[in-house]
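The values are calculated or read from the model by the stated rules, or taken from the named source; none is laboratory data. Being a predicted model, the structure only gives us computed values, none of them experimental. With ideal geometry, Cβ positions are generated from the backbone for all residues, glycine too; neighbour counts draw on all protein chains shown. Accessible surface is based on the protein model in full, side chains and every heavy atom, while ligands, DNA and RNA are left aside. Shrake-Rupley method; radii C 1.70, N 1.55, O 1.52, S 1.80 Å.
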Amino acid sequence: MKQESLKPVDVAVALLLALKQGGSSATYSELGSTLGVSSSTTHESVDRLQKSGLLRSGTREPNLHALRNFLVHGVRHAFPPTLGRTAKGVPTAHSGPSLSEHFESTTPIVWPDSDGSVRGTSLAPLYPSATQLPTRAPMLYDALTLIDALRVGQARERSAALSALDKVLGTRDAGDA
């Protein structure tokens, strides 16, 4: 018997299902196409998410309370951020679309990508195809940048990211305000 554990791409799959109207009725192929991964990857991810309780058992419906709890308290421990050298890339964390107007930074944080528009400190994305999300799935891109702010941010950035994430997911937990 083998202990199963979540993979970083599972965060993106769970967020996509939470953001997508009728996402639970989308095919694995459609989900994979949006994410830039294979349909088998999305199928395996959904299976892990169901076993973890982040999706309701036997469905692709997100358990928003559990998902929010994991994103706020667990994601930075399960998938610690890997910061690297200065690189050209796609803005994320406090440099992403929802938070950049609230935080001035001399050093943006970016997912490394040769086609990126910004130079900054590189942060490995939760999954390789995430750099394609700004054009492929802007809402998911925005949500993942908020997750990165939860992973790498200080208290102020984390608080702003949580507030923005609650708006995106339609959640709220007074204990984390």
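Name the single residue, out of those in region 1-13 being open to solvent by 30 Å² or more (accessible area, probe 1.4 Å) and modelled with pLDDT of 95 or more, that is nearest to A164 (Cα to Cα). Restricting to residues being open to solvent by 30 Å² or more (accessible area, probe 1.4 Å) and modelled with pLDDT of 95 or more, the top hit is P8. For region 14-58, taking the residues that are in contact with an Asp or Glu (Cβ under 7 Å, 6 or more places away or on another chain) and open to solvent by 30 Å² or more (accessible area, probe 1.4 Å), the one that is modelled with the highest pLDDT is identified as K51.
Only one entry in A124, A130 is under 18 Å from V75 (Cβ atoms) and either among the charged types (D, E, K, R) or crowded, with 18+ Cβ neighbours inside 10 Å (or both), namely A130. Restricting attention to region 134-146, the residues that are touching a strand residue (DSSP E or B) at 6+ places or on another chain (Cβ under 8 Å) and open to solvent by less than 10 Å² (accessible area, probe 1.4 Å) add up to 2.
Go through region 42-65 residue by residue and tally those that are part of a helix (DSSP H, G or I) and either closer than 21 Å to A160 by Cα or touching a residue at least 24 places away in the same chain (Cβ under 8 Å) (or both). Of the residues in that region, 9 qualify. Within region 83-107, if we keep just the residues that are within 21 Å of the chain's Cα centre (by Cα) and part of a strand (DSSP E or B), the residue that is nearest to A143 (Cα to Cα) turns out to be T92. Only residues that are surrounded by fewer than 17 Cβ atoms within 10 Å (Cβ to Cβ) and either modelled with pLDDT under 95 or among the aliphatic types (A, V, I, L, M) (or both): list them for region 82-92, please. Listed by number, the residues that qualify are T82, L83. Against the criterion of being in contact (Cβ under 8 Å) with a residue 60 or more places away in the chain and touching an Asp or Glu at 6+ places or on another chain (Cβ under 8 Å), R68 qualifies.
Taking the conditions (1) at pLDDT 95 or above; (2) of a type in the set (D, E, K, R); (3) closer than 26 Å to R172 by Cα in turn, E101 satisfies each one other than (1).
Taken as a whole, region 113-125 holds no residue that is more than 30 Å from T27 (Cβ to Cβ), within 12 Å of the chain's Cα centre (by Cα) and of a type outside the set (K, R).
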